[in-house]
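Readers should treat all values here as calculations from the given coordinates under stated rules, not as data from a laboratory. Just so you know, these numbers come straight off a predicted model, no measurement behind them. Using ideal geometry, Cβ is built from the backbone for each residue, glycine included, and neighbour counts are taken over all protein chains shown.
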Amino acid sequence: MTDPNTPGPAPERAEELVVLLSPDGRAIGTAPKATVHGAETPLHLAFSAYLFNDRGQLLLTQRAHDKATFPSVWTNSACGHPGPGERLEDAVRRRVATELGLEVRDLRLVLPRFAYRAEMEGVVEWELCPVLAGHVDGEPTPDRDEVAGTVWVDWRGFVADVLSGRRAVSAWSREQVEELERLGPHPETWPTADPARLPPALAHS
């Protein structure tokens, strides 16, 4: 008889799937996240989030040192991949909760059609990556398998440092900062984008 007090094997983590896309942003299939990123990464669906505290500071995160893609790079608050059929906002909230231990409020879409391709040490990221902004309360409690460090920064100073090259950030974050700056100097005044402009794969969002 099995002793009920004896711990059993740890449950297996469900395989995370990413949504593969056609050039016009339509879903054409899925693939395991663990197998997608390489020298010939297919175009796939992602998101980026910029999260602010009640003082208007941006939460920056450093990617874990052993991540397969862009290890140790400082970047925006959270990045991730909506799962098949998952609403965009739900994917952001899920990722922020599991990666940073935070709950997002006032989440809104700001760059619905952001896309980029970047390479580091032979590994390519190629994503349609809508950008959202939101607010969080409290301090992050990072999952160290995903996040090596966090810091709060003043938005205006961050923009100036990124655009001048004084602060190194991920390739996608630098491009996003350039586009966000064109929306206005203050994040609270950025216009909320029309969700109808999202890639067709996110039409349900």
Once the Cα atoms of helix 171-183 and of the chain are each reduced to a long axis, what angle between those two axes, in degrees from 0 to 90 to the nearest 10, is obtained?
40 degrees
Below 8 Å between Cα atoms, with a sequence gap of 6+, how large is the relative contact order for segment 35-100 in percent?
29 percent
Can you tell me the FRET efficiency between residue 72 and residue 189 if r is taken as the Cβ-Cβ distance and R0 is 45 Å, rounded to the nearest 0.05?
0.85
Restricting to bridges with both residues inside segment 17-185, how much of the DSSP beta-bridge set is antiparallel, in percent to the nearest 5?
80 percent
Note on segment 26-177: contact order normalised by length, alpha-carbon pairs under 8 Å, 6 or more apart, percent, works out to 31 percent
Grab the beta carbon distance between residue 160 and residue 105, set R0 = 30 Å, and tell me the FRET efficiency rounded to 0.05.
0.65
Helix 88-100 versus the longest principal axis of the chain: what is the Cα-based angle in degrees, 0 to 90, to the nearest 10?
70 degrees
